Amino acid sequence: MHLSVSVAIATDPTSAAVMLADPEYVQLKLAASGALDQHVDVTGSAQEAFTVTTRRSLPTDSIPAHLRGFVGSSLDVRHVEAWEAAAPDGSRAGTVVVEIAGAPVRLTGRASLQPVADGSRLVYEGDLHAAIPLFGSAVEQAAAGAVTAALGAEEDVAARWIADHGPANQP
């Protein structure tokens, strides 16, 4: 199943990349997604290429009860975003992988950060696949809802971060 999530960020791509590479911001983003616990690791820097790796445990409330047997009482989600160095206009491209441990569910795709008239647009595009015979499609639908909600929470967190830290939170 193909997923596409777009996030508006009210600052330029260079400042947005600084925010995306800040472990404090990433922790707030994970908390907003409903994470029961979380771990964040950022390597590299926003001035160059960087990678953000997170692990979080999410409740399975959004998964229909008859499908929870396939995923358990919580989802252990590993999310990796590997961002390339910025282009001259500040835009960036990257890869994204989301895996749900203990369930054969995986999202692989691309991420992009592009300048737009009112700031930046962060876009995640990828394919979600659940390798479960007979129930794969239903699990994909349920997992897609959880992944989309988690990624979509980023827009609110970004707006709050920029309001609290300013649009150009340079180190």
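Computed quantities for the displayed model
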| quantity | calculated |
| --- | --- |
| Matching option when the condition is small (Gly, Ala, Ser) and closer than 16 Å to THR95 by Cβ, among ALA8, ALA49, ALA16 | ALA49 |
| Residue check, ALA101 modelled with pLDDT of 95 or more and either of a type in the set (Gly, Ala, Ser) or more than 30 Å from GLY166 (Cβ to Cβ) (or both) | no |
| Some residue of the range 25-35 being among the charged types (D, E, K, R) and modelled with pLDDT under 95 | yes |
| Scan of the range 92-132 for residues that are loosely packed, with under 15 Cβ neighbours inside 10 Å, free of Cβ contacts under 8 Å to residues at least 24 places away in the same chain and under 15 Å from MET1 (Cα atoms), ordered by number | THR108, ARG110 |
| Conditions (1) over 15 Å from SER120 (Cα atoms); (2) surrounded by fewer than 17 Cβ atoms within 10 Å (Cβ to Cβ): number failed by SER6 | (1) |
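The values are calculated or read from the model by the stated rules, or taken from the named source; none is laboratory data. Computed from a prediction, not measured in an experiment: that's the story for all the values here. So basically every Cβ, Gly included, is an ideal-geometry build from the backbone, and we count neighbours across all protein chains shown.
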